[in-house]
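So the structure is just underneath, and the comments pick up after that.
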Amino acid sequence: MTAGSGSVTIRAYGSLNDFLPRSRRQVEFTVSPGLPCPAVHAVEASGIPHPEIEMLLVDSVLPSPPAFVLDVHLGKLARILRLTGMDAAWPGSIDDDRLAEISAAQERILLTRDRWLLRRRAVVHGYIVRDLDPLLQAEEVIGRFGLRPFCRPFTRCSRCGSRIAPVEREEILDLLEPLTKLHYDEFWRCTSCGRVYWSGSHLPSLVGLLDRLGIDPGADQDLAGGGPGR
Ligand SMILES: [Zn+2]
């Protein structure tokens, strides 16, 4: 929801739509409470009972970084979100019910371009990505959920989304190409899938991508920029 001058824009997710008249389900609508009041009262005035509200996004600013799950068509967006440090699960080609289950069970916001998918009752938190270009999609999601303060670039594996951690060169030496062994001393490894990362030649392009998203690569920019086959 977003608050404007005397009016509040609301959009309900999941079963909260059951409390709304048909014309207000799954879409944004504006109410004018009149006097200034807490956001939750404005939502209640629209017909949604207070106890039913699990999470209220005011001006789309969240108190802690959200986790996401993305549908099969948003693989590139998932990789960009992981580059920024966001927890972005991308289970690939699974059926819609399973995707909704993951979203609910793991409290992940479901990102999709499929309006029908978000209409499933099991989907509590979801967002329809408007743009078609992955970079613009990332910009859209980052802006929509106010993610910039939570971004920690180069802290997650681009392949599986888990955290990466520094690893001793000796431990992964046999996994490296001869030239990589020669030119790099610092390495990181995914704590889940084991993929190895180092500050390769592609790092400037990744930093450029973060820059376009308005994200400071930060003091960690000399950290792992990617790995084999990135
Ligand atoms: Zn991994």
### Query
Are any residues in the stretch 122-134 within 13 Å of the chain's Cα centre (by Cα) and over 20 Å from Gln106 (Cβ atoms), and if so, which ones?
Pro134
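Being in a helix (DSSP H, G or I) and out of contact with any helix residue (DSSP H, G or I) (no Cβ under 8 Å at 6 or more places or on another chain) is the filter here; which residues of the stretch 117-129 pass it?
Leu118
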### Query
Which of the residues that make up the stretch 94-108 are part of a helix (DSSP H, G or I) and either of a type in the set (Lys, Arg) or loosely packed, with under 14 Cβ neighbours inside 10 Å (or both)?
Asp97, Arg98, Ala105
### Task
Determine whether the stretch 30-45 contains at least one residue that is modelled with pLDDT of 80 or more, small (Gly, Ala, Ser) and at negative phi.
no
### Task
Among the residues of the stretch 139-167, count how many are assigned to a strand (DSSP E or B), crowded, with 16+ Cβ neighbours inside 10 Å and not β-branched (Val, Ile, Thr).
1
### Task
Among residues belonging to the stretch 147-192 that are near the ligand (Cβ under 9 Å from one of its atoms), in contact (Cβ under 8 Å) with a residue 40 or more places away in the chain and hydrophobic (A, V, I, L, M, F, W, C), point out the one that is farthest from Ile80 (Cα to Cα).
Ile164
## Note on the structure
When restricted to Leu81, Leu111, Leu132, Leu136, the only residue at pLDDT 95 or above and assigned to a loop (DSSP other than H, G, I, E, B) is Leu132
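The values are calculated or read from the model by the stated rules, or taken from the named source; none is laboratory data. As the structure is a prediction and not an experimental result, all values here were calculated from the model. No Cβ is skipped: glycine too gets one built from the backbone with ideal geometry, and neighbour counts run over all protein chains shown.
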